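Single-structure report; data block below.
The values are calculated or read from the model by the stated rules, or taken from the named source; none is laboratory data. Since the structure is predicted, the reported quantities are computational estimates derived from the model, not experimental observations. Cβ placement follows ideal geometry from the backbone for every residue including glycine, while neighbour counts extend to all protein chains displayed. Ligands, DNA and RNA are excluded from the accessible area calculation, which covers all protein heavy atoms including side chains. Shrake-Rupley method; radii C 1.70, N 1.55, O 1.52, S 1.80 Å.
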Amino acid sequence: MEGRGEQDDEERRPLGGSNPTFAGIHPNSVTWPTVDGPLGLSAEESVDYARRFFFWGFALLPFLWAVNCFYFWPVLWSRASSSPSSYARIRPYVVRSAVGFLLFAVLLSSWALTFTIGGERLFGPAWKNLVMYNVGDKLGLTGWM
């Protein structure tokens, strides 16, 4: 039982050795790859989770890219040159998730703004087929009221 507790402590150590620094600012501070610090994941679990969030983001779940960026915030905002060497395995997934979410947000915003601002002036007569607020009228569901 006692040996298992020591093993858990070793697995929960921060990335980058026993005395890593965060971007070289505080030499005595401990760096963790996740926002929840010592309660978070071990180094191997961090890589696995970052990879899963990244690939599942392609399965029409791009908000997982945002979760990946938030959860691994310390990895995302540390400079690659001054961050612990074990961040190198997590960093590509987190940075790519940030780029993917940014592209998704730009596409979603431009689509929403196109329909909001353009409306019937932009789409002409096809607008009545594109909008969803008149579905009840089209299907005759509002006549009984």
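Worth pointing out:
- Summed residue charge, Cβ within 13 Å of Asn129's Cβ, Lys/Arg positive, Asp/Glu negative: 0
- Within the accessible area of the stretch 49-120 (1.4 Å probe), percent carbon and sulfur: 75
- Between Arg121 and Val67, the simple spin-label model (points 7 angstrom out along Cα→Cβ) gives 4.1 nm.
- Extending 7 Å from the Cα toward the beta-carbon at both Leu103 and Asn134 defines two label points whose distance is 3.6 nm.
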